[in-house]
Amino acid sequence: MAVYAVGDVQGCATELEALLRKIKFDARADRLWFVGDLVNRGPDSLAVLRRVEALGDAAIVVLGNHDLHLLAVARGDAPLKKADRSLEAVLNARDRGRLLDWLQSRPMLHHDPGLGVTMVHAGLPPQWDLPTAIGCARELETELRSQRDGRFYRRMYGDKPDLWSDDLDGDARLRFIVNCLSRLRVCDAEGRVSLGFKGSLDQLPDGVMPWFRVPGRRTACARIVCGHWSALGYLDENGVASIDTGCVWGGSLTALLLDRPAGPVQVPASKARELPAED
């Protein structure tokens, strides 16, 4: 049995199949962990959703910001932007309801105590230890799974609050949780999150750093796998493996073996694409 984490697929169905062939994936014995953002911007989000959903217990998926945006469009009243046209096939599919129900039931964080690995889409604020992160993710999942009229999806957008406090409650608390788990890349030394930056490490503004480099981070002893930061590329440091290698933007799709030491396995994107105007 092998356990692989797979980076942001974002509708790149052809590359996903090529990657599964390259790692000789066997659904009867192996397991795949997807770091989120199965959909959007790529050529075939519908095929990716159908493929991963059909894997059943062989696949574990955490929700990314693009997955949440699909749910917000489908079950809230979030607008379908020009850059989201790739979602139209999902929204018009005959099996739309089943696929959306399946996606909505996915977790925001997955922790495997046997492997000693935790998976999130984006990051964890430095004030959270692992039990706090798991507890906050479960709070958010309860809210997300209860939604059919889209009320929370209309309230989850926004960049504030930007600093964790145990006293946060209501929408402010849930918004901070969703922003960290699905959007976080950098923050300052005090743990104040900055959500606008999406560049490379040599473009970091003064006063901010990757969330996994903040001194005193309370998950420093945890092994964490994440995606979301395509400009970072593959990076494994301080116990954190970041595996979004920008397949949808012409980079590659990455798989990382989790149950024993190994380097990343990658397949190149089938075509080059322009970098996004927003994320």
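The values are calculated or read from the model by the stated rules, or taken from the named source; none is laboratory data. What you are looking at is a predicted structure, and each value in this text was computed from that prediction instead of being measured. Neighbour counts run over all protein chains shown; Cβ positions are idealised from the backbone, glycine included. Please note that ligands, DNA and RNA were not included when accessible areas were found on the heavy atoms of the full protein model with its side chains. Shrake-Rupley method; radii C 1.70, N 1.55, O 1.52, S 1.80 Å.
Give the percent of DSSP beta bridges with both residues in the chain that are antiparallel, rounded to the nearest 5.
On the way: 18 of 32 bridges.
Within the chain, antiparallel bridges account for around 55 percent of the total.
Within straight cross-link reach of residue 22, meaning Cα distance under 21 Å, which lysines are found once same-chain residues fewer than 8 apart are removed?
Residue 22 reaches 271.
Run the numbers on region 121-279 and let me know its relative contact order in percent, using alpha-carbon pairs under 8 Å that are six or more apart. Could you put the intermediate results ahead of the total?
Numbers: 249 pairs, mean separation 31.0, N = 159.
Over region 121-279, the number comes to 20 percent.
For the chain, report the accessible area per residue in Å² (1.4 Å probe, heavy atoms, rounded to an integer).
Working: 11580 Å² over 279 residues.
Computed with neighbouring chains in place, this is 42 Å² per residue.
When 1/r is averaged over all different Cα pairs and the result inverted, which Kirkwood radius in Å belongs to region 1-133?
Computed over region 1-133, the radius equals 15.5 Å.
Got a number for carbon plus sulfur as a percent of region 37-85's accessible area, 1.4 Å probe? Numbers along the way, then the final one.
Values: 810 of 1710 Å².
Looking at region 37-85 in its full context, I get 47 percent from C and S.
Cα centroid distance between region 52-95 and region 130-177, in Å?
Computed from Cα coordinates, the inter-centre distance equals 19 Å.
Give the cross-link partners of residue 24 among the aspartates and glutamates, using a straight C-alpha distance below 15 Å as the criterion and excluding same-chain residues fewer than 8 apart.
List returned: 15.
At 222 nm, what helix-only mean residue ellipticity would the chain give, in deg cm²/dmol to the nearest 500, using -39500 (n - 2.57) for each DSSP H run of four or more?
Values: 8 runs with 79 residues, N = 279.
Helices in the chain give a 222 nm mean residue ellipticity of -8500 deg cm²/dmol.
May I ask which residue of 207, 156, 197 lies farthest towards the positive end of the charge dipole of region 133-267, with charges of +1 (Lys, Arg) and -1 (Asp, Glu) on Cβ and the Cα centre as origin?
Of the listed residues, the answer is 156.
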